[in-house]
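Below: one structure, written as structure tokens.
The values are calculated or read from the model by the stated rules, or taken from the named source; none is laboratory data. Only a predicted model underlies this, so the values are computations on that prediction, with no experimental measurement involved. Methodologically, a virtual Cβ is constructed for each residue, glycine included, from the backbone with ideal geometry; neighbour enumeration extends over all protein chains shown.
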Amino acid sequence: MSLIKTENLSYVYSQGSPFQVTALDNISITIEKGEFIGIIGHTGSGKSTLVQHLNGILKPTSGKVFFEGTDIFKDRQTTKNVRFKVGLCFQYPEYQLFENTVYDDIAFGPKNMGLSKDEIDEYVLEAASFVGIKKELLKKSPFELSGGEKRRAAIAGVIAMKPEVLILDEPTAGLDPKGRKRIERMIADYRQATESTVIIVSHSMEDIARTVGKVLVMNHGKAEMFAGVDEVFSKIERLPEIGLDVPSITRIMLRLRSLGYDVRTDIYTVEQAKDELLFLLKERGVL
Amino acid sequence: MIKDITIGQYFPGNSVIHRLDPRLKIVLIFAYIVAIFFCKNFQSIGLMLLLLFVTVLLSRISLKLIGKSLKPILIIILITSLLQIIYNKNGEVLLEYWKIKITTGGVYTAVFTTIRIAALVLASSMLTYTTSPTMLTDAIERLFSPLKIFNINVHSIAMMMTIALRFIPTLIEEVDKIMSAQKSRGADFESGNLAKRGKALIPIFIPLFINSFRRAYELAFAMECRCYRGGEGRTRLRQMKMALRDYLAFLITTASIAGIFVLNHFFAAVI
Ligand SMILES: Nc1ncnc2c1ncn2[C@@H]1O[C@H](COP(=O)(O)OP(=O)(O)OP(=O)(O)O)[C@@H](O)[C@H]1O
Ligand SMILES: [Mg+2]
């Protein structure tokens, strides 16, 4: 049985008013346990809208969402339970931090789950160490943190519920390369330690191609492709058409090919490019 | 959802009503609302309803939307009508049952109250539906500018109103986002007793206030960066000038209001 499944999922904002927008158009996807999935698409393609359906924040205009085979909107209790099993961290952390201390803020989710005090403590400290928030920071007000720290505190607030599926909406947007790397590494560690399913939303192919196993490409509310990273890159020419950037290393390979060198173009990491170029040089007898 | 409230919203358009001088629109709608209360019979209130109906048609705002805007006041209308029917004892008795006596006076008053409240809400809705918030405050600033002689800073008040109006949709959107983020962490806003529900609002209001203060600072900086320094010596991009359509609107409205008094005079009053 698949873990998450959407069936002809469509969503329309402000239906019936002059400002009506179809944000999702007939999306049917299946996500298996333990998968690491990246969702990419241009601004306004419906990525955030889609992930808000997976934990029952938004109710489909038409279509269904299943978690472990049950319709998540079957009744209110089911929807509520799904929110603890599918942890969703929103695009901007300033919408969720509110407590006096970072510790209390991370504890908000576990408290709502009705855990005991000791369990809450354990969950909070574990989540904080995952995201690299030090003990001293836990006593600070969440509003005194830097942008990157706030982001990590917000992610910890979701991880602290120990969800089976972790969804992060643009976790690295607006951070410097070091902060981005840090969050990427943190996600990888978390996945390894907990073997949970992880879904990351991102604008940039470059960011997620390196890490995820499968990519869902969104385009104007439709699921354009849903396949392994390699397969998506084999159709690389499609990406610019739907408003996405090709990673720079891939652009180099495409340019080399157009100059007449016989190189593969479904390459998205520097590592792969190095191997390919060394192979080419050997073939030509330069090395 | 809170998003479906339409009172006070602006629906961009290019109809005659949209293009009327906003100062005139405010004055005429105010006069109209006062005039409704002078109607004493069905002929005169019919005339006023006709005027409103023509305005709605000219504004090209969908009738469905107009119907929706009246929905929130349905309860108020029902309650006041019911009270009128039960307590007003004037006129002939239509029905008597136990202690309740329904009279023609009561029914007429109920009908008139209903029409008046509906027309009042609709007329003021028409003002905001067809006038952009900036135009509206601009017009208010000009209408009240004589108050300057009493040392009242009309410009600042108008500017505050513009900003407040401008940020209503933003705040609603933000509440929506914050609620979603907290619901994702298992917050429950829909169950429990009053105290529990009140407490559940804390995680919404704290981020909302903090974001609003931050935004207020940013907005103030942004305004200063563009050399905003209050109303003194400020000129405007859009000058308001009365056009032919404005004079026509003025004429039609005044004629209709005069018509009320004529009709009141020639036909018997029912309330
Ligand atoms: N609360 C809302 N009310 C009305 N329309 C909305 C709302 N939220 C999103 N939309 C519209 O729905 C569409 C999809 O938006 P969504 O936020 O899902 O895009 P996204 O892919 O997450 O974009 P981004 O990369 O900028 O975050 C957009 O056209 C947007 O304008
Ligand atoms: Mg988004």
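General observations
- Helices (runs of 4 or more DSSP H) enclosed by the stretch B:64-167 - at least 3 residues per element that are under 25 Å from B:Leu28 (Cβ atoms): B:104-130, B:133-143
- Residue that is nearest to the chain's Cα centre (by Cα), among those in the stretch A:50-85 that are within 16 Å of ligand 2 (Cβ to nearest atom) and free of Cβ contacts under 8 Å to residues at least 40 places away in the same chain: A:Gln52
- Number of the exception - A:Asp104 against (1) within 14 Å of chain B (Cβ to nearest Cβ); (2) touching a residue at least 40 places away in the same chain (Cβ under 8 Å); (3) not in a loop (DSSP other than H, G, I, E, B): (2)
- Output for the stretch B:180-199, where each listed residue is aliphatic (A, V, I, L, M) and surrounded by 12 or more Cβ atoms within 10 Å (Cβ to Cβ): B:Ala181, B:Ala187
- Selected residue [within 11 Å of chain A (Cβ to nearest Cβ), closer than 22 Å to A:Tyr95 by Cα and surrounded by 14 or more Cβ atoms within 10 Å (Cβ to Cβ)] from B:Ile206, B:Ile202: B:Ile206
- Residue under evaluation B:Ile168, criteria (1) within 16 Å of ligand 1 (Cβ to nearest atom); (2) within 30 Å of A:Ile167 (Cβ to Cβ); (3) surrounded by fewer than 18 Cβ atoms within 10 Å (Cβ to Cβ), criterion not met: (2)
- Count - residues of the stretch A:50-71 that are among the hydroxyl-bearing types (Ser, Thr, Tyr) and more than 14 Å from chain B (Cβ to nearest Cβ): 2
- Comparison of A:Ser45, A:Ser146 shows that the only residue that is at pLDDT below 95, within 19 Å of the chain's Cα centre (by Cα) and away from chain B (no Cβ under 14 Å) is A:Ser45.
Residue-by-condition table, conditions (1) away from every other protein chain (no Cβ under 14 Å); (2) away from ligand 1 (no atom under 16 Å from the Cβ); (3) crowded, with 20+ Cβ neighbours inside 10 Å:
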| site | (1), (2), (3) |
| --- | --- |
| A:Leu168 | no, no, yes |
| A:Ala173 | yes, no, no |
| A:Gln192 | yes, yes, no |
| A:Val198 | yes, yes, yes |
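- Per the conditions (1) assigned to a helix (DSSP H, G or I); (2) out of contact with any Lys or Arg (no Cβ under 9 Å at 6 or more places or on another chain), the sole criterion not satisfied by B:Ala249 is (2).
- Inter-residue pairs, beta-carbon under 8 Å, first under 30 Å from B:Thr109 (Cα atoms) and in the stretch B:245-270, second among the basic types (Lys, Arg) and part of a loop (DSSP other than H, G, I, E, B), 6+ apart: B:Asn264/B:Lys40; B:Ala269/B:Lys40; B:Val270/B:Lys40
- Applying the condition of being in a helix (DSSP H, G or I) and more than 10 Å from chain B (Cβ to nearest Cβ) to the stretch A:72-101 and asking which residue is surrounded by the fewest Cβ atoms within 10 Å (Cβ to Cβ) yields A:Gln77.
- Test set (1) in a helix (DSSP H, G or I); (2) more than 12 Å from chain A (Cβ to nearest Cβ) - B:Arg215 fails condition number: (2)
- Filter result (within 14 Å of chain B (Cβ to nearest Cβ) and touching a residue at least 12 places away in the same chain (Cβ under 8 Å)) within the stretch A:113-139: A:Met113, A:Ile120, A:Tyr123, A:Val124, A:Ala127
- Candidate set from the stretch A:149-166 (those that are part of a loop (DSSP other than H, G, I, E, B) and over 15 Å from the mean Cα position of the chain (by Cα)); member that is nearest to the other protein chains (Cβ to nearest Cβ): A:Met161
- Number of the exception - B:Phe209 against (1) over 30 Å from A:Phe84 (Cβ atoms); (2) assigned to a helix (DSSP H, G or I): (1)
Every residue, every condition in (1) surrounded by 19 or more Cβ atoms within 10 Å (Cβ to Cβ); (2) over 17 Å from the mean Cα position of the chain (by Cα), yes or no:
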| residue | (1), (2) |
| --- | --- |
| B:Ile45 | yes, yes |
| B:Ile76 | no, no |
| B:Gly91 | no, yes |
| B:Ala110 | yes, yes |
